[in-house]
Amino acid sequence: MSANPLVAALEKTTELAIASGRPLAERLRMIADQVRELSPEFAGAVDAFVGRLGGAEAGAGAPQVGETLPNFVLPDLGGRLVALDALLREGPVVVVFLRGHWCPYCRITAAALGEIEETASQLGARIVAITPESRKFALRLDVDTGGAFPILADLDNGYALSVNLAIWVDEGMSGLIAGAGWDIPTYQGNDAWMLPIPAVFVLDRTGIINARHVNPDYRERADIEEVVASLRNLA
Amino acid sequence: MEMQQVRYFLALARALNFTRAAESCNVTQPALTRAIQALEAELGGRLFHRERNQTHLSELGRLMLPYIQSIHAQADAARMRAKSVGRMKNVELKIGAMCTLSPNLLSDFIVAFQRANDGVDLNVTDGAAKQLFHQLSAGEREIGVVGYPGEIDDRFHALPLFRERFVAVLPRDHRLANQKEVRIAELDDEPYVNRINCEMGDFAQQEFAKQGVSVRVVFRSERDDWVLGMIRSGMGWGFFPESCEFPRDVAVRPLVEPEFSRAVSLVTVRGRPHSPAVGAFVKAARSFAWSSAPILCAA
């Protein structure tokens, strides 16, 4: 449990949201509402930060529907290298970019994806998540998903940049995040304050993007039902 | 940030001239300018100041330069790795470990790496620090695993992995053996059994001297089994990294006031092109859940 009252409250709400079984958008709103209620300053800074990213069309250059996602080879939590092209040989793949274990929205999204893993695998598809965190910290997300899918480490956001999804957290925003007790430099093993824009790509077995969600406003995530619907189409 | 914006930013930071930067990227100057402006909008400030014929980095530009250089290099490396993974078959990876490092510290990591990269054949030799740095320079070893107390030469790149503490090893019937821990001051003039290859020992002795503690060397050996044998038979105390394998019939006590510890790092030669196996090993080491506290390393 965190010493910071905002973070402590968010941790509790995250657990509640994960357990609630409600639609993902509602669970995410529980967090956004609580941030706004407990720290209008933080919520206002987030509005300004994601507003600027949206205005600058951050993430717009990420691969589009109909294009392919470039191959990656990244280690999972056990240190085994996982290659996208090898996964695609077995069927469609859902590639998910998450910011890290410290982000309540990411934890809730990871848990919601964990809930559809069985359906996905019945449809012959695999889910993989990518975070810029070292394994020690990414393990938290693995707990939230019940180990349902591999979590891969993209240290230093190299793969995220190669698909135009890396953003820099400016000094005002990073000061607020660090002030809340979230030690991103330690989680990532560098002090660059880069994060991936949360994203979901549903790839057919040839690697072509069938559905895509990219939004620099990290409080909004892909519609999980739509992810399942695209997988049904691909099955 | 987009890969292309990042490339243009790095070219302009090098050339400090829009025309030359655009030429070096094979684009028109307006295209380069638009990309830089888009990046500035995303980062929330000017990256360059344009004054008449001069262009220079703004404060934000200077702040971002090392981060952008690093993430750009990582993106290139990610792409290389995605391409080269199929080619890592029967590759030999030559690792040199400092002889004072216990295999216990690394075995879990090395086994995990081996399982994940079964095309890589690991060849590990050991030696004293000086010899190891020489072998790295000469290309005889590709990666060094080093726990060195002093500054590491600029020619090398060191990636700290974790810290390891040092302990006092005492004969069972030593007057300090029934204490929970041993203060440095209590070791004044105690007979000391010296491990010749321990670089940390020399470093620690200087600290001892500062406290007015004299170290009375009564035996020296290159071999830890000899040194431990002498301790067991009552000759004196010894200074060891905590991860060593100790016989049961000696007393192992933490050293305090001050504590001594060393960072254990992976060392490679700066600027040398490395094989994909070296890259995979370094990457795996960075993301491995080391059991002792990880050390924050700057990007």
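The numbers here are math on the coordinates, done by the rules we state, and not lab data. Just so you know, these numbers come straight off a predicted model, no measurement behind them. Here the Cβ positions follow ideal geometry from the backbone for every residue, glycine too, while neighbour counts run over all protein chains shown.
Computed values, structure above
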| quantity | calculated |
| --- | --- |
| Farthest positive-ward along chain B dipole, Cα basis, beta-carbon charges - from B:135, B:267, B:278 | B:278 |
| Built amide H within the under 5 Å cut-off of residue B:183, gap 5+ | B:256 |
| Separation in nanometres of the label points that stand 7 Å from Cα toward Cβ, at residue B:49 and residue A:65 | 4.7 nm |
| Peptide A:73-83 - average C-beta neighbours from other chains (10 Å radius) | 6 |
| Average beta carbon contacts from partner chains per residue of B:66-77, 10 Å cutoff | 6 |
| Near-label residues of the stretch B:187-227 by backbone N, under 18 Å of a point 7 Å along Cα→Cβ of residue B:131 | B:195-202, B:220-227 |
| Fluctuation leader among B:234, B:44, B:144 - chain B, Gaussian network, Cα springs under 10 angstrom | B:44 |
| For the stretch A:15-28, 3J(HN,Hα) per residue [Karplus equation, 6.51 cos²θ - 1.76 cosθ + 1.60, θ = phi - 60°, Hz, x = Gly/Pro] | 4, 4, 4, 4, 6, 5, x, 6, x, 3, 4, 5, 5, 5 |
| Sequence-distant residues sharing a close amide H with residue B:58 (under 5 Å, placed H) | B:48, B:49 |
| Calculated from backbone phi, Karplus (6.51, -1.76, 1.60) coupling profile of the stretch B:4-21 in Hz, x at Gly/Pro | 5, 4, 4, 5, 5, 4, 5, 5, 6, 5, 7, 7, 6, 7, 4, 4, 5, 5 |
| DSSP bridge orientation in the stretch A:1-136 - percent antiparallel, rounded to nearest 5 | 40 percent |
| Residue B:17-residue A:183 pseudo-label distance in nm [points 7 Å out on the Cα-to-Cβ vector] | 4.7 nm |
| Local electrostatic count at residue A:193 - Lys and Arg +1, Asp and Glu -1, tallied over other residues with Cβ under 11 Å | -3 |
| Geometric extent, Cα atoms of the protein assembly as shown - Rg, Dmax (angstrom) | 26.6, 81 |
| Listed residues A:221, A:80, A:205, most fluctuating in chain A (Gaussian network, C-alpha, under 10 Å) | A:80 |
| Cβ-derived FRET efficiency at R0 25 Å, residue B:80 paired with residue A:121, nearest 0.05 | 0.20 |
| Fraction of the pair-distance distribution of chain A above 29 Å, Cα-Cα pairs, percent | 22 percent |
| Net +/- balance of residues flanking residue B:45 in space, Cβ distance below 15 Å, scoring K and R +1, D and E -1 | -1 |
| Amide H partners (placed H, <5 Å) of residue B:220, local residues excluded | B:194 |
| Highest-MSF residue in chain A out of A:156, A:217, A:33 [GNM, Cα springs under 10 Å] | A:33 |
| Extension gain (nm, one decimal) between residue B:257 and residue B:121, 0.36 nm per residue minus Cα-Cα | 44.6 nm |
| Rg(Cα) / (2.2 N^0.38 Å) computed for the stretch B:27-162, rounded to two decimals | 1.53 |
| 32 Å Cα-Cα threshold exceeded, pairs from A:136/B:94; B:180/B:283; A:12/B:83; B:83/B:130; B:180/B:210 | B:180/B:283; A:12/B:83; B:83/B:130 |
| Chain B - share of DSSP beta bridges that are antiparallel (%, nearest 5) | 60 percent |
| Cβ-based net charge around residue A:52, under 9 Å, with every Lys or Arg adding one and every Asp or Glu removing one | -2 |
| Phi-based couplings in Hz for the stretch B:249-266 (Karplus 6.51, -1.76, 1.60; Gly and Pro marked x) | 8, 10, 9, 10, 10, x, 8, 9, 6, x, 7, 10, 8, 10, 7, 9, 10, 8 |
| Lys, Arg +1 and Asp, Glu -1 on Cβ, resulting dipole of the stretch B:128-216 about Cα centre, debye, nearest 20 | 260 debye |
| Cβ-based exposure ranking for A:52, A:89, in which fewest neighbours within 10 Å come first | A:89, A:52 |
